[in-house]
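Each value in this text was obtained by applying a stated rule to the coordinates, not by laboratory testing. Since the structure is predicted, the reported quantities are computational estimates derived from the model, not experimental observations. Cβ placement follows ideal geometry from the backbone for every residue including glycine, while neighbour counts extend to all protein chains displayed.
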Amino acid sequence: MRFVSQFPTDKQQPNLVFAALRKIAGVPDSQAAAEAALAKHGAAIAKEVLARRTQTNEPARCAALFMALSKLVETDDRPIALLELGASAGLCLLPDFYCYRLNGLEQRPVKAAKDAPLLTCEITGKPAFNPALNIGWRCGQDIHPIDIGEADERDWLETLVWPGQSHRLARLQSAMQEAQKHRFEIEASDAVDGLEALVHKAPLEMNVVVYHSAVMNYLPRPRVDAFMTKIRALPVHWISQEDPHLFPDVTDAQNNKIQPKDMLGRFALALDGKLLAHMHPHGEDVVWLAGD
């Protein structure tokens, strides 16, 4: 705690500090080893904390995103222009290029190659899943985009995976390999202040969808409120995967406000402010609530 207290408030994040420690000194095998690493490499670790951000780019969240997009195109079959806020390296901009194992059954989108990364998700309920989903344009935004063409940037994303979670590390590495086959822009800008300009980049004839996951918890409450005001005024669809406490106005199918206490430790998956499902924060499972 003494070590962490030296940083600005927005840098006092366990994930960030522990990842910086591992990047500089490797994975400690005990509390004593962690304290020894801080004592020996404290200055280098602090420099890493101040230079880096927590940008966990979890591709497994794409299973829930694919379901939400499939639900959306049931009523609007125009090609999708997908915009992701807080995109990091953009791994979640490629849901149509991944393959999915849902409750043990493989689902392969039309665009996914035979060797596409395989994302596993346990499903409760009957979500939509459209293999012909057509994403015709995609663009990301991040305050500090990650360039996975750089070995050091790839290493940082890998370091953000918690020790012992070898399945997540393998999934991340596979998704990074897939992402390097595609061309898309990740704009360096602010998710709130740059929102309108980003939306205006999208082709007018397409169905514009703004998506974000685990982003809003890094913003102060007034900035979240400002974002909600802006997104609701724009001619776009809005898909969010966030802590349900952040969006108290999200409602369920009966137009009742969701109860965050019923989703402790879960993310709410919502489309245009309507609850579709709740899910594991890293996409391991989805409980679909929006009907067939």
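Got the relative contact order for the chain handy, in percent, Cα pairs under 8 Å and 6 or more residues apart?
Relative contact order of the chain: 20 percent.
What longest range of the chain stays clear of loop-exposed trypsin sites (Lys or Arg not before Pro) (DSSP non-H/G/I/E/B, at most 11 other C-beta within 10 angstrom)?
Here the longest run is 3-113.
From the C-alpha coordinates alone, can you work out the Kirkwood hydrodynamic radius of region 65-147, in Å? Show your work: numbers first, answer last.
On the way: mean 1/r = 0.0733 Å⁻¹.
Result for region 65-147 stands at 13.6 Å.
List the extent of the Cα atoms of region 104-197 along each of their three principal axes, largest first, rounded to whole Å.
39, 37, 27
Taking only Cα atoms, what is the 0 to 90° angle, nearest 10, from helix 62-72's long axis to the longest principal axis of the chain?
The answer is roughly 20 degrees.
What list of whole percents do you get for P(r) of region 118-158, with Cα-Cα distances grouped in 10 Å bins up to the one holding the largest distance?
Spelled out per bin, shortest first, that is 18, 27, 35, 19, 1.
Over 29 Å between C-alpha atoms is what I'm after, so list which of Lys111/Lys201; Lys126/Lys261; Lys126/Lys181; Lys47/Lys261; Lys47/Lys230; Lys11/Lys126 land there. Could you put the intermediate results ahead of the total?
Values: Lys111/Lys201 24 Å; Lys126/Lys261 24 Å; Lys126/Lys181 32 Å; Lys47/Lys261 38 Å; Lys47/Lys230 35 Å; Lys11/Lys126 40 Å.
Beyond 29 Å between Cα atoms: Lys126/Lys181; Lys47/Lys261; Lys47/Lys230; Lys11/Lys126.
Which cross-chain or sequence-distant (5 or more) residues have an amide H under 5 Å from the amide H of Ile186, H modelled 1.01 Å from N in plane?
HN-HN under 5 Å from Ile186: Gly140.
Using the Cα atoms as the points, what is the convex hull volume per residue of region 188-292 in Å³?
125
Please give the length that would be gained between Asp262 and Ala188 if that part of the chain were fully extended, namely 0.36 nm times their separation in residues minus their C-alpha to C-alpha distance (nm, one decimal). Walk me through the numbers before you get to the answer.
Working: separation 74, 0.36 × 74 = 26.64 nm, distance 3.59 nm.
Extending this stretch completely gives an extra 23.0 nm.
To the nearest 0.05, how large is the calculated FRET efficiency for Cys99 and Val27 if R₀ is 41 Å and r is the Cβ-Cβ distance?
0.85
Under the Karplus relation 6.51 cos²θ - 1.76 cosθ + 1.60, θ = phi - 60°, what is the ordered set of whole-Hz ³J(HN,Hα) values for region 201-215, x standing for Gly and Pro?
Computed from phi, the couplings for region 201-215 are 6, 6, x, 5, 7, 9, 8, 7, 10, 9, 10, 8, 9, 6, 10 Hz.
Can you tell me the orientation of helix 31-51 relative to the chain, as the angle in degrees between its alpha-carbon axis and the longest Cα principal axis, to the nearest 10?
Value to nearest ten degrees: 60.
With equal scatterers on the alpha carbons only and no solvent term, can you work out the Debye log10 of I(q)/I(0) for the chain at 0.07, 0.12 1/Å?
Computed log10 I(q)/I(0) values: -0.26, -0.78.
With angles folded into 0 to 90 degrees, how steeply does helix 14-25 sit against the dominant principal axis of the chain? Use alpha carbons for both and round to 10.
So the helix axis and the longest Cα principal axis differ by about 50 degrees.
For n ≥ 4 DSSP H runs only, could you compute -39500 (n - 2.57) per run for the chain, divide by its residues and tell me the 222 nm figure to the nearest 500?
Numbers: 7 runs with 88 residues, N = 292.
Result for the chain, helices only: -9500 deg cm²/dmol.
Compute the Cα gyration tensor for region 124-252, then decide on rounded, prolate or oblate, letting a ≥ b ≥ c be the square roots of its eigenvalues: rounded whenever a/c is under 1.5, prolate when a/b is larger than b/c in the other cases, and oblate in all that remain.
Rounded, since a/c falls under 1.5.
Convert each backbone phi in region 180-196 into a coupling constant with the Karplus relation 6.51 cos²θ - 1.76 cosθ + 1.60 (shift: θ = phi - 60°), then list the ³J(HN,Hα) values in order as whole Hz, x for Gly and Pro.
Rounded to whole hertz, the list is 6, 8, 10, 10, 7, 9, 10, 7, 7, 7, 8, 5, 8, 5, x, 4, 4.
State, as an integer percentage, the relative contact order of region 63-191 based on alpha-carbon contacts under 8 Å between residues 6 or more apart. It would help to have the intermediate numbers written out before the result.
On the way: 196 pairs, mean separation 39.9, N = 129.
Reported as a whole number, the value is 31 percent.
Starting from the Cα of Glu196, move 7 Å in the Cα-to-Cβ direction to define the label point; list residues of region 209-244 whose amide nitrogen is under 20 Å from there.
Within reach of a label on Glu196, which here means backbone N under 20 Å from a point 7 Å along Cα→Cβ, region 209-244 contributes 209-211, 222-238.
Under 8 Å for C-alpha pairs, at least 6 residues apart: give me the relative contact order for region 4-51, rounded to a whole percent.
42
What number in nm² do you get for region 4-51 if you take the convex hull of its Cα atoms and divide its surface by four?
3.0
Return, for the Cα atoms of region 180-228, the radius of gyration and Dmax in Å, separated by a comma.
Radius of gyration, then largest Cα-Cα span, for region 180-228: 12.8, 38 Å.
Based on other C-beta atoms within 10 Å, arrange His200, His282 from fewest to most. It would help to have the intermediate numbers written out before the result.
Working: His200 10, His282 19.
In increasing order of surrounding Cβ atoms, one gets His200, His282.
Which of these, Glu187, Glu106, Glu158, has the largest mean-square fluctuation under a Gaussian network model of the chain (Cα springs below 10 Å)?
Top of the fluctuation ranking is Glu106.
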